[in-house]
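Below you'll find the structure, written out as structure tokens, and then a few comments.
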Amino acid sequence: MKAARLVVLGVAVAAGGIAAFLAAGSKQAPPPPPAAAPVAQIETVDVLVAKADLGRGVVIQSQDIGWQSWPAAAANPNFVKKPERPNAMNDFVGAIVRVALVAGDPIRDPDVVMAKGSGFLAAVLPKGMRAVAIDISPEAGAGGFILPDDRVDVVLTRRDKGAEKATGVEKFVSDTILRNVHVLAVDQALEEKSGTKTALGKTATLEVTQSQAETLAVSRQMGTLSLTLRSLLDSGSGAAEGGDSDNKDRTSPINTVRFGVSTMGTTR
């Protein structure tokens, strides 16, 4: 009897094992995870960039610039690239910033001036141009709202002595002697500082040609010079021009009162 029970128990255990084996074999193993797509490698190149905000006129120090990886396809040909100019960092130390840069901006050769000991103003003046300073006041300089990098016209106001002799009446005329002149500085300010809304300076430095500088020098002796601020839409980046002869015959009356005496004059 005991032997029979052992046989039945063994058969049951064997049957259970076979059933478990068959059940495990019927389950398919999960498929392997798909292989990760290969990551495209972007070709880069080291480009010289500003490491800090650099204002116009700043002398570059070694900590102000450095190399930064840049997508090669997006690198402008004018960028300074390490493979082409490995010693560029040393070359640019001591250069003067000509165009304001913010941190991260790539540096290009036209953005700086290799002054080699020259002053900033002499370094940034284009070839053939001159810097001429003229006296201004809030009344003669658009109320103090003329700032460096603005464009202005120069107006000469003078007495017309010939007309005065003929009529016996005091007469003043005005002529625009230069147009679209670039303002380099107001007093010693070469750029507008943060928070500065006006620059009530006594001197404006203008960028002119040699002949225009001579015109200004003569005009100083003839009368009073004033600056009129040009609109940005009317300024552009063109060269300064002399007075427009087409406007010289246009006159308008002006009443001048001095010491209680009223006299009539004209402006052109």
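At 7 Å along Cα-to-Cβ for each site, give me the label-to-label distance between ASP109 and GLU43 in nm.
2.3
With only Lys, Arg, Asp and Glu charged, each at its Cβ (+1 for the first two, -1 for the last two), find how big the charge dipole of region 44-123 is about the Cα centre; round to the nearest 20 debye. Spell out each step's value before the answer.
Working: 8 positive and 8 negative charges, 22 e Å.
In total the dipole reaches around 100 debye.
Could you put VAL183, VAL169 in order, starting from the residue whose Cβ has the fewest other Cβ atoms within 10 Å? Before the final figure, lay out each step's value.
Values: VAL183 20, VAL169 12.
So the residues, fewest neighbours to most, are VAL169, VAL183.
Sort ILE107, ILE134 by Cβ crowding within 10 Å, fewest neighbours at the top. Don't jump to the answer; show the numbers that get you there.
On the way: ILE107 25, ILE134 18.
Lowest to highest Cβ neighbour count: ILE134, ILE107.
Near the amide H of THR209, under 5 Å away, which other amide H atoms are found, from residues 5 or more places off or on another chain, if H is placed in the peptide plane?
For THR209, whose amide H was placed from the backbone, the distant partners under 5 Å are ARG130.
If r is the Cβ-Cβ distance from ALA36 to LEU232 and R0 is 41 Å, what FRET efficiency results, to the nearest 0.05? Intermediate results must be reported in sequence, preceding the final value.
On the way: r = 54 Å, r/R0 = 1.31.
So the FRET efficiency works out to roughly 0.15.
Given the peptides 49-55, 88-94, 175-181, 67-73, arrange them by the average over their residues of other C-beta atoms within 10 Å, most packed first.
The peptides rank, most packed first, as 175-181, 49-55, 88-94, 67-73.
Bear in mind these aren't lab numbers, they're just calculated from the coordinates by the rules spelled out. Just so it is clear, the model here is predicted, and its values are computed rather than measured. As a convention, Cβ positions derive from the backbone with ideal geometry for all residues, glycine included, and neighbour counts pool all protein chains shown.
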